[in-house]
1. Suppose the filter is among the hydrophobic types (A, V, I, L, M, F, W, C) and either more than 22 Å from Gly171 (Cβ to Cβ) or without any contact (Cβ under 8 Å) to a residue 24 or more places away in the chain (or both); does Ile136 pass it?
2. Could you go through segment 105-112 and let me know if any residue there is farther than 30 Å from Leu210 by Cβ and more than 15 Å from the chain's Cα centre (by Cα).
3. Of all residues being part of a loop (DSSP other than H, G, I, E, B) and touching a Gly at 6+ places or on another chain (Cβ under 7 Å) in segment 224-245, which is nearest to His57 (Cα to Cα)? Just the residue, please.
4. Taking segment 43-68, which residues are over 23 Å from Glu151 (Cβ atoms) and under 19 Å from the mean Cα position of the chain (by Cα)?
5. Would you pick out the residues in segment 240-255 that are buried (at least 20 other Cβ atoms within 10 Å of the Cβ) and under 22 Å from Val195 (Cβ atoms)?
6. What do you reckon, is Gly145 buried (at least 21 other Cβ atoms within 10 Å of the Cβ), among the small types (Gly, Ala, Ser), under 12 Å from Ala128 (Cα atoms) and in contact with a strand residue (DSSP E or B) (Cβ under 8 Å, 6 or more places away or on another chain)?
7. For residues that are assigned to a loop (DSSP other than H, G, I, E, B) and of a type in the set (Asp, Glu), tally how many sit in segment 246-262.
8. Would segment 104-123 turn up any residue that is within 30 Å of Pro199 (Cα to Cα), crowded, with 20+ Cβ neighbours inside 10 Å and polar (S, T, N, Q)?
Amino acid sequence: MKTSWMAGLLAALTIGAAQAQTGAADQAMPGWTLDWSDEFDGHALDRAKWSFETGGHGFGNNELQYYTDRLENLRVEQGMLVIEARREQYGGRDYTSARIKTAGLMERTHGRYEARIKVPRGQGIWPAFWLLGADIKTAGWPRCGEIDIMENIGKEPATVHGTLHGPGYAGEHAYGSPSTLERGVFADGFHVFAVEWEPQRIRWYRDGILYHTATPERVKGDWVFEHPFFVILNLAVGGYWPGYPDATTALPQRMLVDYVRVYKRV
C-alpha cells in the first residue's frame, strides 16, 4: 500500500508539474491576452517564428562581432534560447555572435512584449531585446522607430536601459531611462523585461516595476509608433556605447532567454 501510495503521489506531482509547464504561456495577465509566444521548448530555433540576421558590418555602432547562423552562436538547449558570443576569427572579424528577428513572420502594432532573460557579463558585452519598425526598408532609421525594451552594457552590470528612438531623439539623444538593482547584478539571474505599448503611450517594466514612460508630448520629435514593429534579440560585442572588450572580458558569454511573449489588449 505504501509503495502504491508513493507511486500515485509521484505520478500526480509529475502530471501537475507538466501541466504547470504547459500552461506557463497561458498565465493570466490582467487586461491582456496572449497573442504570440516562443517558449523555446523544442530542439532547435523555430524558423516559422524567427529568421537570422547575419554579417559583420558593425550595424551602425562600430560593433566587433560577425553575426552567424551557426549552432556555436545560437541554439535551443533545455528549454532556453542560447545566444553565445565567442572570441574567434570569422568573416574578417575577431568575434562571433547571433541576432534573430521576427520581421515578416510576426509584426504587430501595440501590445505587451515580455521576455525572461539572463544577461551575460563583461566589459564590451551588449545584450538587447528590442522592437524595430517594420517599414525600416522604406522609411529608414530612425523614422521607422525603435523601442529598446532591454539593453545592458557590461560596464554597468547592475543597470538596464529602456529607450525610444525616433526622428529628433535618436542615438545619444534618445528618450530613455535606466533601471538599477538595489543589490547584485543582472548577470546573476533571470529577470523579466517588458513594455506595454498602447496608442500614444509606451511603458517600460523590469520585474514588474514601472520605471519609464513615453508619450508624444515627452519626446522631442515626431511620434512614429502607431504602425507594425517586429522583435529582435541579439548579443553584440563592442560598440561606441558599451566600449570594447579588454583584459577583464571572459569569453564565451551567453545570453539565455527563457521565453518571449506578446500579448494584446482584451
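1. It is true that Ile136 is among the hydrophobic types (A, V, I, L, M, F, W, C) and either more than 22 Å from Gly171 (Cβ to Cβ) or without any contact (Cβ under 8 Å) to a residue 24 or more places away in the chain (or both).
2. no
3. Here the residue is Gly238.
4. First pass over segment 43-68, keeping only residues over 23 Å from Glu151 (Cβ atoms): 43-44, 46-48.
Passing the criteria: Ala44, Asp46, Arg47, Ala48.
5. Pro242, Met255
6. In short, no.
7. Going through segment 246-262 one residue at a time, the tally reaches 1.
8. The answer is no, given that none of the residues of segment 104-123 is within 30 Å of Pro199 (Cα to Cα), crowded, with 20+ Cβ neighbours inside 10 Å and polar (S, T, N, Q).
No lab work stands behind these numbers, since they all come straight from the coordinates. Just so we're clear, the structure is a prediction, and the values are computed from it rather than from any experiment. Positions of Cβ are backbone-derived with ideal geometry, glycine not excepted, and every protein chain shown enters the neighbour counts.
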